[in-house]
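First comes the structure, then the notes that go with it.
Taken together, the values in this text are just the output of simple stated rules run on the coordinates, not laboratory data. Remember, predicted model here, so these are calculated numbers, not experimental data. Please note: Cβ atoms are built from the backbone with ideal geometry, for glycine as well, and neighbour counts cover all protein chains shown.
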Amino acid sequence: MKKVTIEKARELGFCFGVRRAIKIVENAAREHKHIATFGPIVHNRLVVDRLRGLGVRVVNSLEQIDGETVAIPSHGVPPELLLELRSCGFRVIDTTCPTVRRAQRAAKKLADAGFKVIIFGDSGHPEVKGLLGWAGGGSIATMDAGNIAVDSLGRKLGIVSQTTQSLSGFARFVAGLLTAAGPYTQEVRIINTLCQKTQKRQDAALELARRSDLMIVVGGRNSSNTRQLADVCSLVVETHLVEKADELVPGWFAGKRHIGVTAGASTPEEAIDEVMSRLRSLVGDG
Ligand code: F3S
C-alpha cells in the first residue's frame, strides 16, 4: 500500500509581530498584577487562555478594566481610544505590531494630506476599526469596491489595505475602484500596507496546496490571516480549517496520499504539533 505523506508548509505559525506582542505582555505580567488587554492580544484562544493563567484578562470596554495596566493588542486600536486610556490614568502597554503601526501611519498621512482614505479590509475586524480611526472621518473600509458610491469620493483618493489581506485581492480591489472612480478623481495615492510575513505564508501555503490532495489550516477562526490561508488553499484543493487536533474528521482523509499543513501567524507551535501527531495517528505515519 502506498504511504501517506504529511508535509508542513515551509513558512507557518507565529510571525514576529505575534511573538513580540506575547513577549511584551508576558514580561509585563511578571511586573504588574491584573493586566487587561483591550480585546484578545492575538487572535488565538489557546494563547489567550495561557495568558489568563498569568493574570492577563481580556476586556472590551473601559468599565471592565479592574487594574492599572492595559495592553493594546497586536492589531492596534484607534487613536481616540489610546488617548482616552491615557487620560483616564491607565498605564498603557502598546503591543501594536510594527507593520500595523506602519499602516496606521500611512492612513493618517493620507488623511492629513487631504485624501479620502479607502481601506481594503473587513470593516468588522479590530485592525480595520483601528485603521479607520487613524484615517479620520469620512474614511471607508470595505472588501468590495462595488459597495462604494464613487461620486462621493472627491478629487483625491488614498488607498491602503488591512495588513493581512492577499496581494491578489488588493490588486483586484484597486483595479475595480480605479475603474469605477476614474472620472471623479484627479489624484490617487496607493500605499502598499500589506504584511510581507503574511504574503510569504500565503505563497508557501499555495505552493504546498498545489502539490497536495488535502490541506489542513491550523488556527483561530477569528484570525484574519488564518482565514486568508484557508481561502487561498481552497482555491486549488479541498481545505479544512481547525483550531485544535480533535476537530480533525477521519473521513476527510479517505483516499488522500499527500496532506499539506499550514498555520496562521497567531497559532502556537503546540497546536501545530498536536495536529501533526493526530494526523499521523489517523492516516499512518508519513
Ligand atoms: Fe504583524 Fe504581519 Fe504578524 S501584521 S502581527 S507581522 S501577520
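Would you mind telling me which residue in Ser266, Ser152, Ser224 has the biggest mean-square fluctuation in a Gaussian network model of the chain, where springs connect alpha carbons within a distance under 10 angstrom?
Ser152
Just to confirm my numbers, what's the Cα centroid distance between the range 231-264 and the range 6-81 in Å?
Between the Cα centres of the range 231-264 and the range 6-81 lies a distance of 28 Å.
Before anything else, pin down the relative contact order of the range 99-190: Cα pairs under 8 Å, at least 6 apart, normalised by residue count, whole percent.
After rounding, I find 33 percent.
What area, in nm² and to one decimal, does the C-alpha convex hull of the range 45-159 cast on average over all directions?
If I average the Cα hull's projected area over directions, I get 8.4 nm².
Per residue of the range 106-120, in order, report the coupling 6.51 cos²θ - 1.76 cosθ + 1.60 (Karplus, θ = phi - 60°) as ³J(HN,Hα) in whole Hz, putting x for Gly and Pro.
5, 5, 5, 4, 5, 4, 4, 8, x, 8, 7, 8, 10, 10, 7
So which of Lys23/Lys256; Lys200/Lys244; Lys129/Lys156; Lys109/Lys197; Lys33/Lys197; Lys33/Lys200 end up more than 28 Å apart, counting from Cα to Cα?
Pairs exceeding 28 Å: Lys23/Lys256; Lys33/Lys197; Lys33/Lys200.
Taking the dipole about the Cα centre of the chain, with the C-beta of Lys and Arg at +1 and of Asp and Glu at -1, give me whichever of Ala171, Gly136, Asn147 is farthest to the positive side.
Ala171
List the relative contact order of the chain as a percent without decimals, with contacts defined as Cα pairs under 8 Å and 6+ residues apart.
23 percent.
Over the range 232-286, what number does the Rg to Rh ratio reach, with both radii from the alpha-carbon atoms and Rh per Kirkwood?
Here Rg/Rh amounts to 0.93.
Ile6's amide H: which non-local residues (gap 5+, or another chain) put their own amide H closer than 5 Å, with H modeled 1.01 Å from N in plane and none for Pro or chain starts?
When sequence neighbours closer than 5 places are left aside, the close amide H contacts are Ile259, Gly286.
Amide H neighbours of Ile35 under 5 Å, at least 5 residues apart or on other chains, H built in the peptide plane: list them.
So Ile35 has HN proximity to Arg57.
So what is the diffusion coefficient of the range 158-265 in µm² per second by Stokes-Einstein at 37 °C and 0.692 mPa s, using a Kirkwood Rh over Cα pairs?
The diffusion coefficient I find is 214 µm²/s.
Treating only the Cβ of Lys, Arg, Asp and Glu as charged (+1, +1, -1, -1), what charge dipole size does the range 99-190 show about its Cα centre? Round to the nearest 20 debye.
360
Rounded, prolate or oblate: pick one for the range 99-190, where a ≥ b ≥ c are the square roots of the eigenvalues of its C-alpha gyration tensor, a/c under 1.5 means rounded, and failing that, prolate if a/b is larger than b/c, else oblate.
Oblate, since a/c reaches 1.5 and b/c is not below a/b.
Taking amide H atoms as placed 1.01 Å from N in the peptide plane, list the residues 5 or more away in sequence, or in a different chain, whose amide H sits under 5 Å from that of Glu243.
So Glu243 has HN proximity to Gly219.
Using the Karplus curve 6.51 cos²θ - 1.76 cosθ + 1.60 with θ = phi - 60°, work out ³J(HN,Hα) for each residue of the range 267-277 in order, rounded to whole Hz, and write x for Gly and Pro.
8, x, 4, 4, 5, 5, 4, 5, 5, 4, 6
Contact order normalised by length for the range 16-97, with contacts defined as Cα pairs under 8 Å and 6 or more residues apart; what percent is it?
Once normalised by length, the contact order is 36 percent.
List the pair-distance distribution P(r) of the chain, using every Cα-Cα distance, as the percent of pairs falling in each 5 Å bin from 0 up to the bin containing the longest distance, rounded to whole percents.
Computed distribution, short to long bins: 1, 6, 12, 14, 15, 13, 12, 11, 8, 5, 2, 1, 0, 0.
Tell me, rounded to the nearest percent, the portion of alpha carbon pairs in the range 16-97 spaced more than 16 Å apart.
42
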